[in-house]
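Accompanying notes for the structure given below.
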Amino acid sequence: MADFVFRKLEENEVDIVCDMIQDRMTWMEEHGIHQWVKGDYDTYYDYAYFLNKQKNGELFGLVKDGRVISCAVLLEEDTRWPDSPKARYLHNFVSCTDVKDAGKLFIEYAEAYSKKEGKAYFRLDSDVDNKKLAEYYTSLGYVERGRCEANGYFGILREKKL
């Protein structure tokens with residue numbers, strides 16, 4: 001893992017995040033996954049959203065050879081969860097479609113970073129209809145802890161003890 005750098009992203013990298021989101025949405029369409037729909041997801045989570053998260057120090061990336069290969073917003077609090085123990089919350093998680101295990105590596109680095117920062121849990125969610133993503137998170141050790149609903153999004157809350 002020494003070839004990778006996990007860090008907060010810079011303002012000039014926000015465009016890269018938006019491009020990755022667009023690429024992933026195209027990939028999802030091609031694979032029949034409807035979690036992020038063009039014109040919906042990217043309208044709500046637009047450049048201004050990610051720039052705000054970057055300015056707040058909440059936009060993180062995994063970089064290899066100077067290229068951002070995966071990124072996400074990491075939050076200290078999340079209103080989708082009924083409680084708030086010492087946890088970190090993953091949102092807007094995306095990885096390059098042409099880099100094997102970029103997402104898995106990001107999560108490993110984010111978990112390690114969160115544990116080092118004193119967090120007891122790492123939490124995330126996925127659309128109730130996205131079975132492949134549910135299987136993926138389960139394979140990484142995440143367990144279902146409940147359901148959430150926000151603006152027409154119905155998700156499964158998952159967590160992993162660090």
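The values are calculated or read from the model by the stated rules, or taken from the named source; none is laboratory data. Keep in mind that what you see is a predicted model, and the values were worked out from it rather than measured. Virtual Cβ from ideal backbone geometry, glycine too; neighbours counted across all protein chains shown. Surface accessibility is based on the protein's heavy atoms, side chains included, excluding ligands, DNA and RNA. Shrake-Rupley method; radii C 1.70, N 1.55, O 1.52, S 1.80 Å.
The Cα-based radius of gyration of segment 72-162, divided by its Kirkwood radius, gives an Rg/Rh of 0.94.
Database remark: amide H of ASN130 closer than 5 angstrom to no amide H (H placed geometrically; neighbours at sequence offset of 5 or more, or on other chains; Pro and chain starts carry no H). Taking all protein chains into account, the per residue accessible area for the chain stands at 54 Å² (1.4 Å probe).
By accessible area, using a 1.4 Å probe on protein heavy atoms only, segment 11-162 has 48% of its surface on carbon and sulfur. Largest first, the extents of the alpha carbon coordinates of segment 1-77 on the three principal axes equal 35, 26, 24 Å. ASP3 contributes about 100 Å² of solvent-accessible surface, heavy atoms of the protein only, 1.4 Å probe.
Candidate cross-link partners of LYS116 among the lysines, defined by an alpha-carbon separation under 27 Å and a same-chain spacing of 8 or more, comprise LYS8, LYS53, LYS55, LYS64, LYS86, LYS100, LYS104, LYS160, LYS161.
For a paramagnetic label modelled at 7 Å from the Cα of ASP46 toward its Cβ, which residues of segment 1-34 fall within the zone defined by backbone nitrogen distances under 20 Å? It comes to 11-26, nothing else.
Cα centroid separation, segment 1-71 to segment 91-139: 13 Å. The calculated FRET efficiency for the pair VAL128 and SER84, based on their C-beta separation and a Förster distance of 22 Å, comes to about 0.45. Multiplying the residue separation of LEU140 and GLU10 by 0.36 nm and removing their Cα-Cα distance gives an extension gain of 44.0 nm. From the P(r) of segment 1-151, could you give the percentage of C-alpha pairs in the tail past 21 Å? Cα-Cα pairs in segment 1-151 separated by more than 21 Å: 44 percent. Measuring with a 1.4 angstrom probe and ignoring ligands and nucleic acids, TRP27 comes out at about 80 Å² accessible. Scaled to the globular estimate 2.2 N^0.38 Å, the Cα spread of segment 123-162, given as radius of gyration, is 1.09. ASP98 sits with roughly 110 Å² accessible to a 1.4 Å probe, with DNA, RNA and ligands left out of the calculation. Among GLY61, GLY146, GLY32, the largest mean-square fluctuation in a Gaussian network model of the chain, built with springs joining Cα atoms closer than 10 Å, belongs to GLY32.
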